[in-house]
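**Q** Here it is, the structure, as structure tokens.
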Amino acid sequence: MTTADKLLSVMKLFTIEEPEWTVEEATKRLSLSSSSTYRYFNSLSAFGLVEALNPGVYTLGPAIIEFDRMIRRQDQLVKTATPVMRRLVDLTDDSGSTLLCRKFRHQVMCVHSEGFVDPEKVLSYERGRPLGLFLGAASRVVLAYIPTRNLKVIFADHEAEIEAAGLGASWEEFRRNMKQIRNDSLVVAYGQLDLGKVGIAAPIFAANKSVIGSITLVLNEHEVNSQMVERLSIYVQAAAQEVTLGLSAAFNEKRPGSAGSDSAKPE
């Protein structure tokens, strides 16, 4: 493990369940020397990535908030999707919400949301919370577009979870279900993560055609019927396609020599 890997391993210690760490606790968890761990904490603290509000007890630092602000304001996916998401909410008379999710390792993470928020209940897909790939429309529509060779590995590692989620008791059944989702370019899920909610999700692709995330419309199940879901599904698919095209246009605009880039402008 390189020094950079060890430094990052300290950052990965901080979780919702374990938000505070001492050098001694981190040393024991990571099996590092005390001097190395202390040096890593000092380096991270110097950049504001961690800080000790109480002597010797470290939490995530203000630099994390600075980076988060940059993502909210400058991330191309969020910038491209936000107006599209707002239009989707308008179609529900502000009774629904939209979620923008990004593929994150072997998980999916909500990076932005728009629309109605029930103060009595937080959706499972709240911003910044990573969730698995097997439950929920936002996750399943991403899962289906992962390359087959990687899907085989995922199935081998999570066979019991995949079967429990109703996605297939064998590789062939799982593969067929993923193919069906790709054919539909859509997933509709009822109450898989939050009871009483229905999610309608479509995939978003990067300029290289790989799946990077999904856009999901979340509604109260008691407020919709099958005809409404079918109608709104068309709009969700169109929204995902619009975001995909927007990302591609932004990518091409920034490529050296492409139309619209600075290097392509005559002097």
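**Q** Please label the shape of the stretch 1-129 as rounded, prolate or oblate, based on the square roots a ≥ b ≥ c of the eigenvalues of the alpha-carbon gyration tensor (a/c under 1.5 means rounded; beyond that, a/b larger than b/c means prolate, else oblate). Display every interim value, and only then the final one.
**A** On the way: a/c = 2.73, a/b = 2.44, b/c = 1.12.
Since a/c reaches 1.5 and a/b is larger than b/c, the shape of the stretch 1-129 is classed as prolate.
**Q** What's the magnitude of the charge dipole for the stretch 154-242 around its Cα centre, counting Lys and Arg as +1 and Asp and Glu as -1 at the beta-carbon? Answer in Debye, nearest 20. Walk me through the intermediate numbers first.
**A** Details: 7 positive and 12 negative charges, 78 e Å.
The calculation lands at about 380 debye.
**Q** Looking at the square roots a ≥ b ≥ c of the eigenvalues of the Cα gyration tensor of the stretch 3-64, which shape do they give, rounded for a/c under 1.5, prolate if a/b is larger than b/c, or oblate?
**A** Values: a/c = 1.36, a/b = 1.23, b/c = 1.11.
In terms of gyration-tensor shape, rounded.
**Q** Just tell me, in residue order, which DSSP H segments of the chain are both 24 angstrom or longer along the helix axis (alpha-carbon based) and at least -1.0 in mean Kyte-Doolittle hydropathy.
**A** Details: long enough: 226-254 (42 Å, 0.16).
Once both thresholds are applied, what remains is 226-254.
**Q** Give me 59, 27, 3, 98 sorted ascending by neighbouring Cβ count inside 10 Å, so fewest comes first. Before the final figure, lay out each step's value.
**A** Values: 59 14, 27 19, 3 11, 98 26.
Taking fewest neighbouring Cβ atoms as first place, the list is 3, 59, 27, 98.
**Q** Looking at 239, 145, 81, which one has the Cα that reaches farthest to the positive end of the dipole of the chain (charges on Cβ: Lys, Arg +1; Asp, Glu -1)?
**A** Projecting each Cα onto the dipole axis, the largest value belongs to 145.
**Q** When a/c is below 1.5 the answer is rounded, else prolate if a/b is larger than b/c, else oblate, so apply that to the chain with a ≥ b ≥ c taken from the square roots of the Cα gyration tensor eigenvalues.
**A** Prolate.
**Q** Right, something else. Pick out, in residue order, every one of the trypsin sites (Lys or Arg not before Pro) in the stretch 10-47 that is DSSP loop and has at most 14 other C-beta atoms within 10 Å; say none if there are none. Present the calculation step by step, with values, prior to reporting the outcome.
**A** On the way: sites: 12, 28, 29, 39; in loops: 12.
Taking the stretch 10-47 and a limit of 14 other Cβ atoms within 10 Å, the loop trypsin sites (Lys or Arg not before Pro) found are 12.
**Q** Here's a follow-up. Rank the residues 47, 14, 251, 41 as a footprinting-exposure proxy: fewest other Cβ atoms within 10 Å of their Cβ go first.
**A** 47, 251, 14, 41
**Q** Moving on to the next point. Round to a whole angstrom and tell me the spacing of the C-alpha centers of the stretch 78-151 and the stretch 233-250.
**A** Rounded to whole Å, the Cα centres lie 14 Å apart.
**Q** Run lengths n ≥ 4 of DSSP H only: what is the helix-derived mean residue ellipticity at 222 nm for the chain, with -39500 (n - 2.57) per run over all residues, to the nearest 500? Numbers along the way, then the final one.
**A** Working: 10 runs with 124 residues, N = 267.
Computed mean residue ellipticity for the chain: -14500 deg cm²/dmol.
**Q** Residues with beta-carbon under 12 Å from that of residue 78, excluding residue 78: net charge, scoring Lys, Arg +1 and Asp, Glu -1? Mind dumping the intermediate values first?
**A** On the way: positive: 69, 72, 73, 79, 102, 127; negative: 68, 75, 114.
Around residue 78, the charge tally is +3.
**Q** Using 29 Å as the Cα-Cα cut-off, could you pick out the over-long pairs in 12/254; 79/197; 12/79; 6/79; 179/254; 197/254?
**A** Numbers: 12/254 32 Å; 79/197 26 Å; 12/79 27 Å; 6/79 33 Å; 179/254 34 Å; 197/254 39 Å.
Distance filter (> 29 Å) returns 12/254; 6/79; 179/254; 197/254.
**Q** Let me ask something else about it. How far apart, in nm, are the 7 Å Cα→Cβ label points at residue 60 and residue 254?
**A** 2.3
**Q** Oh, and also: Charges at C-beta only: +1 for Lys and Arg, -1 for Asp and Glu. How large is the resulting dipole of the chain about its Cα centre, in Debye rounded to 20? Let's see the in-between values first.
**A** Working: 30 positive and 32 negative charges, 205 e Å.
Value, rounded to 20: 980 debye.
Where a number appears in this text, it was derived from the coordinates with a stated rule and is not lab data. Just so it is clear, the structure is predicted and the values come from calculations on it, not from any experiment. All Cβ positions, glycine included, derive from the backbone under ideal geometry; neighbour counts span all protein chains shown.
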